[in-house]
Structures are given as C-alpha cells and as structure tokens.
Amino acid sequence: MAQTCAGICSVIFQLYVYAPLVNRVGARGAVQVSLSVGFVIVTWLPFIRAFGHGSQATVIAACLSLAMRSFAQCVFTSGFIFINNSITDPSMLGAVTGITQSINLFFRAMAPAAGASVFAWSISGKGFFPFDYHFFFFAQAALQLVLILISRSMPDHIDKPKFVRRQT
C-alpha cells in the first residue's frame, strides 16, 4: 500500500511540480532546488522526535520521506536531461544512454550496502553527537551539499540540446 501511494504521489509530482519547475528554471535549476530541499529535509529528519511521538511522528516522517523521494527523482530525471543535452552526435544517443543506465544501476546496487553500513554504525549507540544516530543523516546532507556545489559549477548551456532533431 505504501509503495502504491508513493508511486501515485511520484506521478503527480512529476506532472505538476517537476515539469513546471524545469520549464521555469531549467534542469540545472531544478537540481539545485531539489538538492536544497533535500538538504533541509535530511538535516531535520533525525530531530523528528521533537515534533511529536507515536503516530504523529510517523506521519511527519512519512511525509518528509515522500517529499525527499520526490525531489530525489527530480535530480535523477534532470540527470538524463543533462546526458541527452550533452550528446553532439544523435547516433550516439542510445549508446550513451545505455552506458549511463549501466553506471546508474551499479551505483544503485552499491549504495544500499554502503549506506546500511554507515547507518548501522551510527545507531550502534557508541558515539556522541553528531556521531550518534544523527551521523547518517548529516553524512547524507554533506553529500547533497557537495552535489549542490557541483551543480552550481555546471555550464549554463547544459539546459539546451547540442543538436536539434529533424522531423522526417
């Protein structure tokens, strides 16, 4: 049930938030907005207990997780726009997209193992703030901050295709 709800929310987000956002600020701007919102959410997520206990905290955490997932998809989708816009030869589009998907799948396979190890270490209870259970979230926020800086260093022309497809 939760996956169905997340999927429906994802489609709604892509249609009514992502598309207008990209049309307004471009894919690069959408990445920066998404990573900034994700940074704020990830930074505040470990402090969720301050907002309530029991089912109240669960609902707040679920809503924040859903928002984080939606904005992560925004970054993912914009990445494909960047890749497609950086191709100079239209005949290479399929090959480059295939290589990109392979690299993407590799990192999607490795990330849970690496993230789970860091998360397990952080909740072991042996550390002190910020090296207790907050550490995983702060490490994720630091990674998003690095990605924000990388996205700011991208050239402006990455938002526009290098070639124009001809109608045949």
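Quick look at the numbers
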{"read-out": "Charge dipole of the chain about the Cα centre (unit charges at C-beta), most positive-ward option of Gly94, Trp44, Ile12", "value": "Gly94"}
{"read-out": "Carbon/sulfur fraction of accessible area - the chain, other protein chains in place, 1.4 Å, %", "value": "70 percent"}
{"read-out": "Check: the chain dipole with +1 on Lys, Arg Cβ and -1 on Asp, Glu Cβ, in debye", "value": "220 debye"}
{"read-out": "Top of Leu147, Leu93, Leu105 by mean-square fluctuation, Gaussian network on the chain, Cα under 10 Å", "value": "Leu105"}
{"read-out": "For the stretch 1-110: rounded, prolate or oblate by the Cα gyration tensor [a/c cutoff 1.5]", "value": "prolate"}
{"read-out": "GNM top mover of Phe76, Phe129, Phe47 - the chain, alpha-carbon springs below 10 Å", "value": "Phe129"}
{"read-out": "Accessible surface, per residue, of the stretch 1-111 when the full set of protein chains is kept, probe 1.4 Å, Å²", "value": "60 Å²"}
{"read-out": "The stretch 1-61-the stretch 72-92 distance, computed between alpha-carbon centres (Å)", "value": "22 Å"}
{"read-out": "Sequence ranges 80-92, 18-30, 50-62, ranked by mean other-Cβ count within 10 angstrom, highest first", "value": "18-30, 80-92, 50-62"}
{"read-out": "Backbone HN-Hα couplings from phi across the stretch 101-108 [Karplus 6.51/-1.76/1.60, Hz, Gly and Pro as x]", "value": "5, 5, 5, 4, 5, 4, 5, 5"}
{"read-out": "Theoretical ellipticity at 222 nm over the chain - DSSP helices of four or more residues, -39500 (n - 2.57) apiece, nearest 500", "value": "-24500 deg cm²/dmol"}
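The values are calculated or read from the model by the stated rules, or taken from the named source; none is laboratory data. Here the structure is a predicted model, which is why all the values come from computation and not from measurement. Glycine also receives a Cβ, built like all others from the backbone with ideal geometry; neighbour counts cover every protein chain displayed. The accessibility values were calculated without ligands, DNA or RNA, using every heavy atom of the protein model including side chains. Shrake-Rupley method; radii C 1.70, N 1.55, O 1.52, S 1.80 Å.
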